[in-house]
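Peer 1: Take a look at the following structure, please.
The values are calculated or read from the model by the stated rules, or taken from the named source; none is laboratory data. This is a predicted model, so every value here is computed, not measured. Note that we place each Cβ from the backbone using ideal geometry, even for glycine, and neighbour counts take in every protein chain shown. Ligands, DNA and RNA are stripped out before the accessible areas are found, and what is left, the full protein with its side chains, is counted by its heavy atoms. Shrake-Rupley method; radii C 1.70, N 1.55, O 1.52, S 1.80 Å.
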2 protein chains.
Amino acid sequence: MPPTYTLFYGTFIQLPRYAPPPGSGQKLALSINHGALWVSSADGRIKGFDWEIGIDSDDELKAWVERKGWTVVAENDSTADGKETVIIVKARKDRNGFFFPGFIDTHIHASQYPNSGIFGSSTLLDWLETYTFPLESSYGDKDSDAAPPKAHAAYNRVISRTLSHGTTCAAYYATIHVPATNLLATLCHKRGQRAFIGRVCMDNPAFCPDYYKDASPEESVAATEATIAHIRTLDPDGSLVAPIITPRFAPTCSPAALTGLGKLAASYDPPLHIQTHISENKNEVALVKEIFPQSASYAHVYDDHGLLTARTILAHAVHLTPEERALIRSRESKISHCPASNSALGSGLCLVRTLLDDGIPVGLGTDISGGYHPSILESVRQACLVSRLVASQSAEQSGREKLSVEEALYLATRGGAQVVDMADQIGGFDEGMFWDAQLIELGEVVGDNNHLDGRSDDAGNVDIFGWESWEEKIAKWVWSGDDRNVKAVWVGGRLVHKRGSEEAI
Amino acid sequence: MPPTYTLFYGTFIQLPRYAPPPGSGQKLALSINHGALWVSSADGRIKGFDWEIGIDSDDELKAWVERKGWTVVAENDSTADGKETVIIVKARKDRNGFFFPGFIDTHIHASQYPNSGIFGSSTLLDWLETYTFPLESSYGDKDSDAAPPKAHAAYNRVISRTLSHGTTCAAYYATIHVPATNLLATLCHKRGQRAFIGRVCMDNPAFCPDYYKDASPEESVAATEATIAHIRTLDPDGSLVAPIITPRFAPTCSPAALTGLGKLAASYDPPLHIQTHISENKNEVALVKEIFPQSASYAHVYDDHGLLTARTILAHAVHLTPEERALIRSRESKISHCPASNSALGSGLCLVRTLLDDGIPVGLGTDISGGYHPSILESVRQACLVSRLVASQSAEQSGREKLSVEEALYLATRGGAQVVDMADQIGGFDEGMFWDAQLIELGEVVGDNNHLDGRSDDAGNVDIFGWESWEEKIAKWVWSGDDRNVKAVWVGGRLVHKRGSEEAI
């Protein structure tokens, strides 16, 4: 019998639910609290917290637990004797430990993971042809009902890697193959990663390669329905794993497929999520204009086919016009900013501040494997760098506020939650939210014995010298942290990743 | 008694000594060899290599060693009996291991290391005032002959970190303090990192803070001479640790100090190395124009004061004019490209391709702590990203070739060797060069058991699936590798860093 609660104890750092409104002149600040927070084993949600309890003494904690009338048990201890039971997980102060909301990756191609870092000097359209379509096409055989072993290896690995970097929720693109897409859903469900699973739709023979495309618009829709059915069987209410309608992007889809997929999403109550790409690269924008002359803009292509909804995630949005931003805003659609990918493929510098000022919700995406790294923390860094470069490129932009570390972390958590339309469920430590969280340790203060020779229990690259404020520690984490700092990860209260052999967890 | 040789065995990857000339249309390719290479214990230099010997069988190696007439010994085994002895170090094939030249960091402020990642949204000039001068000033007390404990902690740590990331040679800036600068030299010498040690000179009261500056031009020169004397005592011929004349940058130095330092460098035979900053940020360029109205350009300021020599390292060079590039070329001065710093401080996108096409030698610098990370591999990544963004920003630049992974690795090794004027000594595996090298392991091929839970012996983030060519493996290393892949580091044949407890090393 599981304990009634898990009690998390130590320092909790998150971003506030609402960022200060644009133009208010207020700076977004970290919310830093010390104390205890408890999560119900029954539903994995946060039941309460107390930021008054001191975190310096075990006696204080013990007295506090007793006042609650709880019995502390070990994880596999089924002692109950009628009382509510609790297990305790601590963020160790001596290791500069803290709890942080899990990261939300709003745009990641699970199937492309094995190609991470392999893109040469290509840009979007030749990258697709040279590297991406050949890999994706190998995830299935239309004549077989089974996903091939390489899909198992790649999907298990991308889940392992993203969990190890603290990603508790991901909006995944799979491939066109139903069995492999279903496998990805099954693996996420089994391993406990919150996920949106998108079967990729692409039927336009003028752009898609012969060896990798849907035979017709009807196939795009029917195959998508097949994966929805599988995902609904796994997780009927979609609380952990949910389908997401995924027209790859405008050039790969016929108008009939776009319309059919829009109708499919709208046929559910609530409507299904939708994800696609928009305005990543200038040549792509020109191509869309050529293919869809009847639409007023790239954004209008999606709007004209019923795909621009309040549950639509648009990846990239590097070259949007003001009119497109206004349309996206009016439809309440969301944007996934993928700075690592945009820099790696030379797509350009996305004007995130402009998007935010326009009131469009923005999250971060790794965009594996246009992006080269499965870590959202790397995306946080790249978002900051891109924002600083934007400011360096033009007088108009230099007057705009650069994205702060705090704002980039907001995009990675609260922003991501808005983008996947779960702002009241995940992204922070509000009462009633799912406990989707990571335990971060920055390591002990650098002392006299600071050689690194022969160490294998490496705490990572963050060096804390002892004088840093929490804000400065967080900046150091953002700029030099990695998966070694992620000691444990929970999704909906379930421990889904653990690093090393830590007694406390 | 040490063995006569160390024999390195396995795969060796490096860049060719000379990159194809600009405009030749030839692509720079990795030089990949399999076999054995031996290094003399007497002088730490490469005595030979044999790329014909197979690396698949220990028997083949044994027979080969016997043909050489050598006796294989364990490291601390002094068996000699008249024969030449050898210890063997293997790059393990099953772990995708290879030897690679050590990285050369051509621009790093050792003293700023504790501030890594702390820069907020500042740009160069306010960053100096807010973050940098206060930290640097704490490394000494002009009334004391001893370096404070914090200098010990920071300098030991920055040496540990850079070694752990494979940096075998660094051009360091210290602070204005002679005792702490001497300490940095002593630590590098003791720990075996090849280093240029620069005592920072800054005497212009109009720009330097009262609490952190040289009292006069004479003090800039005299204090520099004091550190040169110390370094010459440690290492009379400068084969491992050498002084480098370091006027911080034009705005911080009076004309008299600049002239005095130029003369000081020229008074040695061969002339001493010189390092400074140039044209990092537009406001800085404007400031220099204002302070030095008599000089034709920023580059001319240094030239007018005898500081633009064939042994001068100019950091940044983001906003150089064509005339300045021509002047730098004519003086045979070198440039340290610091992309992570330029993006982090929003300094701008350096046109590295233009510099290379102009025939100016370019290396990479981390520029800690304008740069946020001590790893030159991170600088390699950022150099690639910046080059792709340059291409995205203008039609003129989009026609230029982006920096390939191979070219960025060239800058990190051969290019860096040119920049520190040691192109015939380090940066590759040529016969007669110092064995300044790193053993990289990318890890075993991802198999079925690819969960990462509970692992603490983590091989890092590079995932090899088994189908990759060596070029693709190197791309994966560049884009997702880190210090966990650096299993051992040697400088001049001496093992200076080792990761974990590896039996072979």
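Peer 1: So which residues in the stretch A:111-145 end up with at least 10 square angstrom less accessible surface once the other protein chains are there, compared with the chain by itself, probe 1.4 angstrom?
Peer 2: Listed by number, the residues meeting the 10 Å² cut-off are A:113, A:114, A:115, A:116, A:117, A:118, A:119, A:120, A:121, A:123.
Peer 1: On to the next question. I'd like to know how the stretch A:103-420 sits against the 2.2 N^0.38 Å rule of thumb: what's its Cα Rg over that expected value?
Peer 2: 0.91
Peer 1: Buried accessible area for the B:A pair, summed, 1.4 Å probe, in Å² rounded to 100?
Peer 2: In total, this chain pair buries about 5800 Å².
Peer 1: If I take every Cα pair under 8 Å that is 6 or more residues apart in the stretch B:103-420, average their sequence separation and divide by the length, what percent do I get for the relative contact order? Intermediate values should be presented prior to the final figure.
Peer 2: On the way: 665 pairs, mean separation 62.4, N = 318.
Dividing the mean separation by the residue count of the stretch B:103-420 yields 20 percent.
Peer 1: Stokes-Einstein diffusion coefficient for the protein assembly as shown at 4 °C in a medium of 1.567 mPa s, Rh from the Kirkwood formula over Cα pairs: what value in µm²/s?
Peer 2: 44
Peer 1: Over the stretch B:342-383, with the other protein chains present, what is the accessible area per residue in square angstrom, probe 1.4 angstrom? Write out the running numbers ahead of the final one.
Peer 2: Numbers: 500 Å² over 42 residues.
For the stretch B:342-383, the solvent-accessible area averages 12 Å² per residue.
Peer 1: How high is the FRET efficiency from residue A:256 to residue B:94, r the C-beta distance, R0 45 Å, rounded to 0.05?
Peer 2: 0.30
Peer 1: Compute the accessible area per residue over the stretch B:57-169, keeping the other protein chains in place, probe 1.4 Å, unit Å².
Peer 2: On the way: 4310 Å² over 113 residues.
For the stretch B:57-169, the solvent-accessible area averages 38 Å² per residue.
Peer 1: Oh, and also: In whole Å, what are the Cα extents of the stretch B:69-225 along the three principal axes, biggest one first?
Peer 2: 68, 36, 24
Peer 1: Something else now. Under unit Cβ charges (Lys, Arg +1; Asp, Glu -1), what dipole magnitude, rounded to 20 debye, does chain A have relative to its Cα centre?
Peer 2: Dipole magnitude for chain A comes out near 200 debye.
Peer 1: Take the solvent-accessible surface of the protein heavy atoms, probe 1.4 Å, and return the percent of it on the stretch A:103-420 that carbon and sulfur atoms account for.
Peer 2: 53
Peer 1: Could you order A:353, A:414, A:67, B:329 by accessible surface area, starting with the largest, using a probe radius of 1.4 Å?
Peer 2: On the way: A:353 40, A:414 10, A:67 175, B:329 125 Å².
Largest to smallest exposure gives the sequence A:67, B:329, A:353, A:414.
Peer 1: Please list, or write none, the aspartates and glutamates whose alpha carbon is within less than 14 Å of the alpha carbon of residue A:190, excluding same-chain residues fewer than 8 places away.
Peer 2: Candidates past the 8-residue exclusion: A:235.
Peer 1: Could you please put B:5, B:113 in sequence from largest to smallest accessible area, using a 1.4 Å probe? Before the final figure, lay out each step's value.
Peer 2: Values: B:5 35, B:113 5 Å².
Result, largest first: B:5, B:113.
Peer 1: Scale the Cα Rg of the stretch B:1-91 by the rule-of-thumb value 2.2 N^0.38 Å and send over the ratio, two decimals.
Peer 2: In units of the 2.2 N^0.38 Å rule of thumb, it is 1.33.
Peer 1: What distance in nm separates the simple spin-label points at residue A:229 and residue A:467, each placed 7 Å from Cα in the Cβ direction?
Peer 2: According to this spin-label approximation, the distance is 6.6 nm.
Peer 1: Can you spot the lysines whose alpha carbon is less than 28 Å from residue B:62's alpha carbon? Ignore those fewer than 8 places along the same chain.
Peer 2: Straight-distance partners of residue B:62: B:47, B:83, B:90, B:93, B:487, B:498.
Peer 1: Given charges of +1 on the Cβ of Lys and Arg and -1 on the Cβ of Asp and Glu, with all other atoms neutral, how large is the dipole of the protein assembly as shown about its Cα centre, in debye to the nearest 20? All intermediate terms of the calculation are to be shown ahead of the outcome.
Peer 2: Details: 90 positive and 128 negative charges, 80 e Å.
Charge dipole of the protein assembly as shown: 380 debye, to the nearest 20.
Peer 1: Any idea what the residue A:398 label distances to the other copies are, label 7 Å down the Cα→Cβ vector, nm, shortest first?
Peer 2: Output for residue A:398: 2.4 nm, nearest copy listed first.
Peer 1: Let me ask something else about it. State log₁₀ I(q)/I(0) for the stretch A:183-227 at q = 0.27 Å⁻¹ as given by the Debye formula over alpha-carbon point scatterers of equal weight, solvent excluded.
Peer 2: -0.90
Peer 1: Additional query: Report, as an integer, the average count of C-beta atoms from other chains found within 10 Å of each Cβ along A:387-396.
Peer 2: Numbers: counts 3, 11, 11, 1, 4, 11, 6, 1, 0, 0.
Averaged over the peptide's residues, the number is 5.
Peer 1: Across peptide B:378-386, how many C-beta atoms of other chains are within 10 Å of each residue C-beta, on average? Intermediate values should be presented prior to the final figure.
Peer 2: Values: counts 3, 0, 0, 7, 3, 0, 6, 11, 3.
Average per residue, whole number: 4.
Peer 1: Further question: Given the whole protein assembly as supplied and a 1.4 Å probe, what does the accessible area of residue A:331 come to in Å², nearest 10?
Peer 2: 100
Peer 1: At 7 angstrom along the Cα-to-beta-carbon line, where would the label on residue A:42 sit relative to the other copies? Give the distances in nm, shortest first.
Peer 2: 8.2
Peer 1: Let me ask something else. List the distances, in nm to one decimal, from the label point of residue B:237 to the label points of the same position in every other copy, shortest first, placing each label point 7 Å from Cα along the Cα-to-Cβ direction.
Peer 2: Values, ascending and in nm: 7.8.
Peer 1: Then there is this: Which order do B:282, A:487 take by accessible area at a 1.4 Å probe, largest first?
Peer 2: I get B:282, A:487, largest accessible area first.
Peer 1: Could you list the chymotrypsin sites (Phe, Trp or Tyr not before Pro) in the stretch B:17-88 that lie in coil according to DSSP, counting only those with at most 10 other Cβ atoms within 10 Å of their Cβ? Don't skip to the answer; put the middle values down first.
Peer 2: Working: sites: B:18, B:38, B:49, B:51, B:64, B:70; in loops: B:18, B:51.
Of the chymotrypsin sites (Phe, Trp or Tyr not before Pro), the ones in loops of the stretch B:17-88 whose Cβ has at most 10 other Cβ atoms within 10 Å are B:18.
Peer 1: Could you state how much accessible area residue B:90 has, in square angstrom rounded to the nearest 10, with a 1.4 Å probe and all protein chains kept in place?
Peer 2: 70
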